[in-house]
There are 2 protein chains.
Amino acid sequence: MIFTTKAEYGVRLMVELGRQAKAEGAVATSLKAIAEAEGLPLAYLERIVALLRKAGLVESTRGAHGGYRLARTPGQITMDDVILALEGAVAPMNCFVDDTDTSRVLCSHEADSGRGCATKLLWMRVQGGVMEKLAQTTLAELVDFSYREQAATLPNDPTSRKPMTHA
Amino acid sequence: MIFTTKAEYGVRLMVELGRQAKAEGAVATSLKAIAEAEGLPLAYLERIVALLRKAGLVESTRGAHGGYRLARTPGQITMDDVILALEGAVAPMNCFVDDTDTSRVLCSHEADSGRGCATKLLWMRVQGGVMEKLAQTTLAELVDFSYREQAATLPNDPTSRKPMTHA
DNA sequence: GTTCAATCCTACCATCGCGGTCGGAGATCC
DNA sequence: GGATCTCCGACCGCGATGGTAGGATTGAAC
């Protein structure tokens, strides 16, 4: 598994905020509303949104009628920033700590075995592939995609579609 | 973390077999020798190599002087096969089970919330990026890379290399 | 100014997969 | 027969993940 549910829930939360941004301008959306709409645990979402706020991706207003809104427009938010805020560095492997100061990727096994880390090349390529895709994808794309998905699945699926009118 | 140590150890094991293939022709290499050379636990390697054998990537001969060798030449082995054998399907997310029979990627949250899975687009792109890089990389490249790394890290001390004594 | 709704923050906890071990049974060569 | 070596299944500690509990703080509405 590449990502944990932190990424899943966090991205989903960002998409929801992106929807709200388009719909209601500058009004803040409460976490409770998002949690109910997406069927996610509120308390857990609180911790996740804190990561996004610290990264400057969302802004918050406290108190009654408070909530969260995007700090930038969805088109200006790329997913590498989002994932980085949520998951920390995206590394293919534990030993793959990219040391920014030394700019050397060193593997713990490198010291043990006499030979260099044979897998380093592969992990670097994979990581590059992931980061590339993340950087290419904007939140706006995901928001649009969520509308299209909704339109595509709703009409032809009368069986299991629950309306989001919980509570 | 994208991959577990199964992938790390497994790839490393394949590289080692690739080295031996170039060096000694058709002689089988014992796991013990590889475990010692790479500083990896033998018992754990046994379970890992079993995955590679079941996938038809390595062949084994039992009994004394037995061991493992590559089923194909390093140039014919791409890393997507290797990783697939080791880790199972490379999925970005738990809910991302690509149903081969329905060929539909469905997310458990999709049923709950009225809307489609907003993150599906992102995960598909990321997975595509990973698989692309894996498929582009051959074992031969990693073997070559390991030689270059070895030469780079130990320029003037070829004797410190732990010889792979066949015990 | 009380109340209520919301963000914020810290601590806590259970489950589960990962990494690793152990013991033993079957091959095979000397 | 003994020495290796592959094979297989069971077992296990640990840490991260996912989730919960409780409360402090802020601010709008009444």
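The values are calculated or read from the model by the stated rules, or taken from the named source; none is laboratory data. Everything numeric in this text was worked out from a predicted model, so none of it was measured. Here Cβ is always computed from backbone atoms with ideal geometry, including for glycine, and neighbour counts include all displayed protein chains. In case anyone asks, the SASA skips ligands and DNA or RNA and just uses the protein heavy atoms, side chains included. Shrake-Rupley method; radii C 1.70, N 1.55, O 1.52, S 1.80 Å.
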Give the number of residues within the range B:1-30 that are open to solvent by 10 Å² or more (accessible area, probe 1.4 Å), without any contact (Cβ under 8 Å) to a residue 40 or more places away in the chain and near DNA strand C (Cβ under 10 Å from one of its atoms).
3
For the range A:48-61: of the residues being open to solvent by 10 Å² or more (accessible area, probe 1.4 Å) and more than 6 Å from DNA strand C (Cβ to nearest atom), which is farthest from the other protein chains (Cβ to nearest Cβ)?
A:Thr61
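Assess whether A:Leu86 counts as being at pLDDT 95 or above and in contact with a helix residue (DSSP H, G or I) (Cβ under 6 Å, 6 or more places away or on another chain).
Yes.
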For A:Ile34, which of the numbered conditions (1) open to solvent by 50 Å² or more (accessible area, probe 1.4 Å); (2) out of contact with any Ser or Thr (no Cβ under 9 Å at 6 or more places or on another chain) fails to hold?
(1)
Filtered residues of the range A:1-16 (kept if touching a helix residue (DSSP H, G or I) at 6+ places or on another chain (Cβ under 7 Å) and either acidic (Asp, Glu) or not assigned by TED's automatic domain parsing to the domain that holds A:Glu38 (or both))
A:Glu16
The lone exception for B:Ala43 - which of (1) in the same structural domain as B:Val143 (by TED's automatic domain parsing); (2) under 28 Å from B:Gly129 (Cα atoms) it fails:
(2)
What do you reckon, is A:Arg148 more than 23 Å from A:Ala55 (Cα to Cα), at the interface with chain B (Cβ under 9 Å from one of its Cβ atoms) and at pLDDT below 75?
no
Residue pairs, Cβ under 9 Å, 6 or more apart or interchain, first in the range B:62-79 and loosely packed, with under 12 Cβ neighbours inside 10 Å, second part of a loop (DSSP other than H, G, I, E, B) and β-branched (Val, Ile, Thr). List them.
B:His65/B:Val27
